[in-house]
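The values are calculated or read from the model by the stated rules, or taken from the named source; none is laboratory data. As the structure is a prediction and not an experimental result, all values here were calculated from the model. Ideal geometry is used to build each Cβ from the backbone, glycine not excepted, and the neighbour counts take in all protein chains shown.
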Amino acid sequence: MPKPVITQSHPVEGEMSVSVAVAARRLGIAPATLRTWDRRYGVGPSQRDGGTHRRYSPMDLARLDYMSALIRSGNSPAASAAASLGREYSDFPDARNMDEQINAPVGRSGGGNVVATPGCDRRARGLAKSTSALDQVACAAIISESLNEIGVIPTWNELLLPILKSIGEMWELRQCGIEVEHILSTAIQTEFSRFAHEATVETSRAMVVLGSVSGDAHQLPLWAVGAGLAEQGIRFVHLGAGMPLESLGDVMTRTGPRAVFLWSQIRDSADCAHLTRLPSLRPNPRMVIGGPGWMNEPPRGVHVAGDLETAVALISEVVSD
C-alpha cells in the first residue's frame, strides 16, 4: 500500500517537534538563518508550544532539509524556498539522503559553487552548506561552537582544513569559488581572533611574535596558532601579513619575545637564508617557521613545523620553560 502524501503542516497528535535551536543544530546552520528563512520566505515552524514558542514538526524539518539541499546545489534561497513549499512529501527524509533527491536546479541558479564534503561530520557539512550559501553569520556561529566545544587545533584540523581544501580544489578544477573562500576566511579570522582575545592569558609569561613574510597576505594559519597559544594562556602579538624582515627585527629588539613564528604560504616566496639577518638577542627567541613557501635549508636553530599543532607545541615548550 503506497504511503499517503502529506501536503500541509498541521500538527499531528503525538507528533514530535523541536525548537529552533535543535532544528538549526540538525541542519548545521545558525538559528538566525532559520528565523530569516521563516520571516523572508515563509519556511518556518508550524507548531506553537504554550502559545508563544514555535516548534518545528517533522514536516517542517523535511521542508528545511529540501530547501537547504537546493541551496547547496547552487539555487538561490528564494527559489529553493518556493520549491520546498510547493513540493509534496510522502515521508520525512533524513538530511543525509536529501542530496540524492536533487536531480536538477530549480528556478534561477545561485552560481553552483557548492563545497564538497565527502566523509565529513555533521558540523563540517553544516559549514559547507553555509559557506556555499554565502551565509557568513552561520559560518561564524559554527566555527565559534566548534572552538568552544573541541578546541582550536581540532577545529582547524577536523573542521576547517577539509573545507578549505575542497574550496581550493574547486578553484583548481573550475576557476570559481573565490567569493566562497573570502566568506569563509573572514569568518575564520573573526572567530579565531575573538576566541584568542577573550582567552585568559598570563601577562607575566613571555610573549610570542607571529607574522607572515613580505609579499604574503595569508593570515589564517597565524590566527590559528595565536588562538592555540591563547588557549594555553600564552600572550602573542600578531603582526599581520607581509612583514619585512627588517621590521620584524625591530619588533624583536623592542619586545624581546620568547619565540617567533613565521608563515609563508606562497611556494618559493621566502628564503630561509634571510633569517640570519634577524637580530641576535639574549636570550635568543626560538624561531619556528611553517608553510609551503620556504626554500633552502633553514639555519641552525630554526625549527620547521609541518603543521600548526607542531608549531603550537614547539612554541609552548620554550615559553613554559
For this session: Just give me the residues in the stretch 296-321 being farther than 11 Å from Arg286 by Cβ, more than 24 Å from the chain's Cα centre (by Cα) and assigned to a loop (DSSP other than H, G, I, E, B), in sequence order.
Result: Asn296, Glu297, Pro298, Pro299, Arg300, Ser320
Exercise. Any idea which of (1) of a type outside the set (Val, Ile, Thr); (2) out of contact with any Cys (no Cβ under 9 Å at 6 or more places or on another chain); (3) loosely packed, with under 13 Cβ neighbours inside 10 Å; (4) farther than 15 Å from Met207 by Cα is the one Asn296 doesn't satisfy?
Worked result: (2)
For this session: Check Pro285 against each of (1) surrounded by 15 or more Cβ atoms within 10 Å (Cβ to Cβ); (2) on the phi > 0 side of the Ramachandran plot and name the one condition it does not meet.
Result: (2)
Problem set entry | Output for the stretch 259-274, where each listed residue is more than 19 Å from Ala217 (Cα to Cα) and modelled with pLDDT of 95 or more | Ala259
Exercise. Which of the residues belonging to the stretch 202-261 are among the aliphatic types (A, V, I, L, M), buried (at least 18 other Cβ atoms within 10 Å of the Cβ) and assigned to a loop (DSSP other than H, G, I, E, B)?
Worked result: Ala206, Ile234, Leu239
For this session: Identify the single condition in (1) surrounded by 15 or more Cβ atoms within 10 Å (Cβ to Cβ); (2) modelled with pLDDT of 90 or more; (3) not aliphatic (A, V, I, L, M) that Gly110 does not satisfy, given that it satisfies every other one.
Result: (2)
Exercise. Of the residues Gly256, Gly290, Gly249, Gly301, which single one is closer than 24 Å to Trp156 by Cα and among the small types (Gly, Ala, Ser)?
Worked result: Gly290
Problem set entry | Residues located in the stretch 262-295, provided they are within 16 Å of Gly215 (Cα to Cα) and part of a loop (DSSP other than H, G, I, E, B) | Ser264, Gln265, Ile266, Arg267, Asp268, Ser269, Gly291, Pro292, Gly293
